[in-house]
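Engineer: The structure that follows is given in the form of structure tokens.
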């Protein structure tokens, strides 16, 4: 029997807004200070999308996608599928993926969104890879994109200091052999949805952030309970991925986690006995960009030359739902 193809990442891309909001800037908006934010989260600054700078969800996702397609040397006409992980599309419908499809001119692709909170990119990657393995797709564009600034309560220092905006994308092509997406592992627990959820109603925007295109709902989070649950779930799903691929922790060349909180990342790495010099972090520059955080980090690590052919890459994420997931990749760009 012929071996089943798998999705191989052949291009990565990312895009972030121009406006940088530093911790010092936040001191004038909410009761906080730089030392408190860095100590509790590892974040020094984040990017905030402006409604008058062509920085919509669609704009950011399109730019990231073009960067990934350019690296892959693939025309939008050759895409069979576009999957966007997001909870902050520009419109309720049509989907962000369909709006990106139109912007790219990718008329041959099926396009749709996946809503899985911060795990949205890994859920989307799993959907696209499964389509490739089934033989119904040969080339896919997978995105994670968010404008979390549009749904924040800027009077809640427990959440507004953590989150930012951005987009990341990868191009997958069908390939037989040992490279590509080795496995994906997804979990959810809807009974814990009250730890991170959306609540109806707009809140007052600080004048300095009048550039934000605010939505009609905002984010609520039970931070302490979520923190403990995240570490346990990330550790267990990573171990599941390792066992499935008959790998040990020492076989992981690079772990790229969801950039939620540096303490969560450090605790997960410690549980897995993966040294921090094998863990890619950029949370200090972007904060938590939800579903965009892993593809942004992957793109930066790739362009910095940290992901070489044959590298075993472990992706892990956790988010609203609750959802969590892991994917093991054999890098081959």
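The values are calculated or read from the model by the stated rules, or taken from the named source; none is laboratory data. As the structure is a prediction and not an experimental result, all values here were calculated from the model. Backbone-built Cβ (ideal geometry, glycine too); neighbour counts: all protein chains shown.
Engineer: Would you check if residue 238 is more than 24 Å from residue 141 (Cα to Cα), in contact with a strand residue (DSSP E or B) (Cβ under 8 Å, 6 or more places away or on another chain), touching a residue at least 60 places away in the same chain (Cβ under 8 Å) and part of a helix (DSSP H, G or I)?
Structural biologist: Considered against the rule, which asks whether it is more than 24 Å from residue 141 (Cα to Cα), in contact with a strand residue (DSSP E or B) (Cβ under 8 Å, 6 or more places away or on another chain), touching a residue at least 60 places away in the same chain (Cβ under 8 Å) and part of a helix (DSSP H, G or I), residue 238 comes out as yes.
Engineer: Go through the stretch 114-147 residue by residue and tally those that are in contact with a helix residue (DSSP H, G or I) (Cβ under 6 Å, 6 or more places away or on another chain) and assigned to a helix (DSSP H, G or I). Before you say what the answer is, go through the steps one by one.
Structural biologist: So the first thing to find is which residues in the stretch 114-147 are in contact with a helix residue (DSSP H, G or I) (Cβ under 6 Å, 6 or more places away or on another chain), and the list is 114, 116, 118, 120-121, 137, 139-147.
Subsequent filtering for residues that are assigned to a helix (DSSP H, G or I) retains 118, 120-121.
So the count comes out to 3.
Engineer: Is at least one residue of the stretch 54-65 within 22 Å of residue 130 (Cβ to Cβ) and in contact with a strand residue (DSSP E or B) (Cβ under 9 Å, 6 or more places away or on another chain)?
Structural biologist: Filtering the stretch 54-65 down to residues within 22 Å of residue 130 (Cβ to Cβ) leaves 61, 65.
Among the residues that remain, those that are also in contact with a strand residue (DSSP E or B) (Cβ under 9 Å, 6 or more places away or on another chain) are: 61, 65.
Taking every residue of the stretch 54-65 in turn, at least one turns out to be within 22 Å of residue 130 (Cβ to Cβ) and in contact with a strand residue (DSSP E or B) (Cβ under 9 Å, 6 or more places away or on another chain).
Engineer: Working only within the stretch 170-191, note down all residues that are within 21 Å of residue 87 (Cα to Cα), surrounded by fewer than 17 Cβ atoms within 10 Å (Cβ to Cβ) and touching a residue at least 60 places away in the same chain (Cβ under 8 Å).
Structural biologist: If the condition is that a residue be within 21 Å of residue 87 (Cα to Cα), surrounded by fewer than 17 Cβ atoms within 10 Å (Cβ to Cβ) and touching a residue at least 60 places away in the same chain (Cβ under 8 Å), then 187, 189, 190 are the ones that fit.
Engineer: Which numbered condition in (1) in contact with a helix residue (DSSP H, G or I) (Cβ under 9 Å, 6 or more places away or on another chain); (2) part of a helix (DSSP H, G or I); (3) in contact (Cβ under 8 Å) with a residue 40 or more places away in the chain; (4) within 30 Å of residue 315 (Cα to Cα) is the only one that residue 208 fails?
Structural biologist: (4)
Engineer: Across the stretch 114-132, which residue is farthest from the chain's Cα centre (by Cα) among those that are crowded, with 23+ Cβ neighbours inside 10 Å and under 23 Å from residue 152 (Cα atoms)?
Structural biologist: Per the criteria, the residue is 114.
Engineer: Right, next: Taking the stretch 277-287 as the region of interest, how many residues are surrounded by fewer than 24 Cβ atoms within 10 Å (Cβ to Cβ) and within 20 Å of the chain's Cα centre (by Cα)? I'd like the intermediate steps shown before the answer.
Structural biologist: Here is the first cut: in the stretch 277-287, the ones surrounded by fewer than 24 Cβ atoms within 10 Å (Cβ to Cβ) are 277-282, 284-285.
Narrowing further to those that are within 20 Å of the chain's Cα centre (by Cα): 278-282, 284-285.
So the count comes out to 7.
Engineer: Take the stretch 292-311 and flag every residue that is without any contact (Cβ under 8 Å) to a residue 60 or more places away in the chain and in contact with a helix residue (DSSP H, G or I) (Cβ under 7 Å, 6 or more places away or on another chain).
Structural biologist: Hit for the stretch 292-311 is 307, nothing else.
Engineer: Return the residues of the stretch 223-252 that are modelled with pLDDT under 95, touching a helix residue (DSSP H, G or I) at 6+ places or on another chain (Cβ under 6 Å) and over 30 Å from residue 51 (Cβ atoms); say none if nothing qualifies.
Structural biologist: Matches in the stretch 223-252: 225 only.
Conditions tested, residue by residue: (1) crowded, with 22+ Cβ neighbours inside 10 Å; (2) without any contact (Cβ under 8 Å) to a residue 12 or more places away in the chain.
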position	(1), (2)
134	no, yes
146	yes, no
151	yes, no
159	no, no
168	yes, no
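Engineer: Out of curiosity, is residue 316 closer than 24 Å to residue 61 by Cα and either at pLDDT below 95 or touching a helix residue (DSSP H, G or I) at 6+ places or on another chain (Cβ under 8 Å) (or both)?
Structural biologist: Answer is yes for this residue.
Engineer: Now a separate question. Pairs under 6 Å by beta carbon, first residue within 16 Å of residue 289 (Cα to Cα) in the stretch 216-232, partner loosely packed, with under 14 Cβ neighbours inside 10 Å, six or more apart or different chains?
Structural biologist: Close Cβ pairs satisfying both conditions: 218/199; 220/199.
Engineer: On the basis of being at pLDDT below 95 and buried (at least 22 other Cβ atoms within 10 Å of the Cβ), does residue 196 make the cut? Before you say what the answer is, go through the steps one by one.
Structural biologist: Values: at pLDDT below 95: yes; buried (at least 22 other Cβ atoms within 10 Å of the Cβ): yes.
Against the criterion (at pLDDT below 95 and buried (at least 22 other Cβ atoms within 10 Å of the Cβ)), residue 196 qualifies.
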